[in-house]
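FYI, it's all coordinate maths here, none of it is from the lab. This one's a predicted model, so the numbers in the text were calculated from it and none came from an experiment.
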Amino acid sequence: MPKKRMMINFDLDTNKYEALTHKAAPTAYYKIRRYMENNDFLHRQGSCYITNNAMSRMEVANTIKRFSEENKWFGECVREIDISTIGKKYSLKDVVKTDEKELETISKSLDTKELEATKDILDGIDLEFDK
């Protein structure tokens, strides 16, 4: 079986996790992240992990299976787990990046709106004190 870089995405039922374990949902994500990072995965975003090095699908499946055996709640709480082979990767970050001049305009606009909103709130408070 060829080895390639892989990506895992999962969806966790946090309400079920909290009901089963009596722990807050972030503890589940912490356990998963710690385990995945200790097993040659990089946390990409949210519930997405990518392998640091090439792995077979079987190696990835075995990693998830071991986690599930050590954390019985996982099999009950996971709604779906997807595995994908990573081909060429292209970043779109530059497509959504704002240039400096535009950012300054946005910042000034937000500051003005926040100041106006704060002034309206303070004016409302002054009117209440005047009563």
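If amide H atoms are built 1.01 Å from N in the plane of the peptide, which residues on other chains or at least 5 residues away come under 5 Å of the amide H of residue 6?
Distant-sequence amide H within range of residue 6: 51, 55, 86.
Looking at region 3-51, I'd like the Rg to Rh ratio, where Rg is from alpha-carbon atoms and Rh is Kirkwood's inverse mean 1/r. Before the final figure, lay out the partial values.
Values: Rg = 12.0 Å, Rh = 11.6 Å.
Using Cα coordinates only, the ratio equals 1.04.
Show me, bin by bin at 10 Å from 0, the whole-percent P(r) of region 1-95 based on Cα pairs.
Computed distribution, short to long bins: 15, 48, 27, 10, 0.
Over 26 Å between C-alpha atoms is what I'm after, so list which of 65/93; 23/72; 31/93; 4/65 land there. The partial results should precede the final answer.
Values: 65/93 34 Å; 23/72 14 Å; 31/93 29 Å; 4/65 19 Å.
Where the Cα-Cα span goes over 26 Å, the pairs concerned are 65/93; 31/93.
Provide the gained length on full extension for the span residue 84 to residue 58, in nm with one decimal, where the gain is 0.36 nm per separating residue minus the Cα-Cα distance.
Details: separation 26, 0.36 × 26 = 9.36 nm, distance 1.24 nm.
Net length gain for the segment: 8.1 nm.
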